[in-house]
Amino acid sequence: MNKIQIIKGILLAMIIAFLAANVIQPSDSNLKMSTVQDVALKKVDMKNLTKQNNQDIKRFLGLQPGDYKEIVYYKHNDTMQSPEVLIVKFTNHSQQKAFVETMKKHRDERKGVFDGYAPKEAQLLSDSITTVHANYAIFIVHKDAKTINKQFLSNF
């Protein structure tokens, strides 16, 4: 086999791998939001985080809860603290990119607020995690963000 055929084979394999990674999506989950939420938040201290209503979701995050199949948002009781956890169930996959962009913008704006006077809170925001899996996504600003994310993904 000559070098050109080897290069063509490698390029073809790379194209197939790229397409598979960008086209093939995990199948949607039929799990209830309450199940996903319970598993994601088990073994995590949530005592200072309060579940927010739809009006608060609009106010704090700029998201329209009615645009999603389901949405759950927990925010720290003290406005001087940054922890928050948001879980959404998408109506359709086209919402994923906008959600990720909105959470990045939200994180950056909040980080800018905390940068000058609360470095620990700013660091929590820097370490935040946004994960999308099929028809669910989670945004986490919490000292146990990695644990929450791992537990969230264990649902699927």
For 71, 6, 148, give me the order by solvent-accessible area with a 1.4 Å probe, most accessible first, ignoring ligands, DNA and RNA. 6, 71, 148
Given all pairs of distinct Cα atoms, segment 6-95 yields a Kirkwood Rh in Å of 16.2
Pick from 86, 63, 12: which is most flexible by mean-square fluctuation in a GNM of the chain where alpha carbon atoms under 10 Å apart are linked? 12
What number comes out for the charge environment of residue 83, summing +1 per Lys or Arg and -1 per Asp or Glu over other residues with Cβ under 12 Å away? -1
If only Cα atoms are counted, what is the Rg of the chain, and what is its Dmax, in Å? 19.0, 68
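Assigning unit charges at the beta carbon (Lys, Arg +1; Asp, Glu -1) and nothing else, what dipole magnitude in debye, to the nearest 20, does segment 108-156 show about its Cα centre? List each step's numbers first, then the result.
On the way: 6 positive and 6 negative charges, 39 e Å.
It works out to roughly 180 debye.
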Cross-link pairs beyond the 31 Å C-alpha cut-off, checked among 32/104; 43/111; 8/105; 8/150; 3/97; 69/120: 8/105; 8/150; 3/97; 69/120
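Dipole of the chain, Cα-centred, from +1 at each Lys and Arg C-beta and -1 at each Asp and Glu C-beta, to the nearest 20 debye?
Numbers: 22 positive and 15 negative charges, 64 e Å.
In debye, rounded to 20, the chain gives about 300.
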accessible surface per residue for segment 20-156, probe 1.4 Å, DNA/RNA/ligands not counted, whole Å² -> 56
What helices does the chain hold that run 15 Å or longer along their axis, going by alpha-carbon atoms, with a Kyte-Doolittle average of 1.0 or more, using DSSP H for the helix calls? 3-23
Extending each Cα 7 Å along its Cβ direction at residue 55 and residue 109, get the distance between those two points in nm, one decimal. 1.9
Ignoring ligands and nucleic acids, what accessible area does residue 78 show with a 1.4 Å probe (Å², nearest 10)? 60
Take the solvent-accessible surface of the protein heavy atoms, probe 1.4 Å, and return the percent of it on segment 44-156 that carbon and sulfur atoms account for. 48
What is the distance, in nm, between label points placed 7 Å from the Cα along the Cα-to-Cβ direction at residue 8 and at residue 27? 3.8
Using a 7 Å offset from the Cα along the Cα-to-Cβ direction at both residue 155 and residue 98, what is the distance between the two label points in nm, to one decimal? 2.1
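The values are calculated or read from the model by the stated rules, or taken from the named source; none is laboratory data. Just so you know, these numbers come straight off a predicted model, no measurement behind them. Cβ coordinates were reconstructed from backbone atoms using ideal geometry, including for glycine residues, and neighbour counts include every protein chain displayed. In case anyone asks, the SASA skips ligands and DNA or RNA and just uses the protein heavy atoms, side chains included. Shrake-Rupley method; radii C 1.70, N 1.55, O 1.52, S 1.80 Å.
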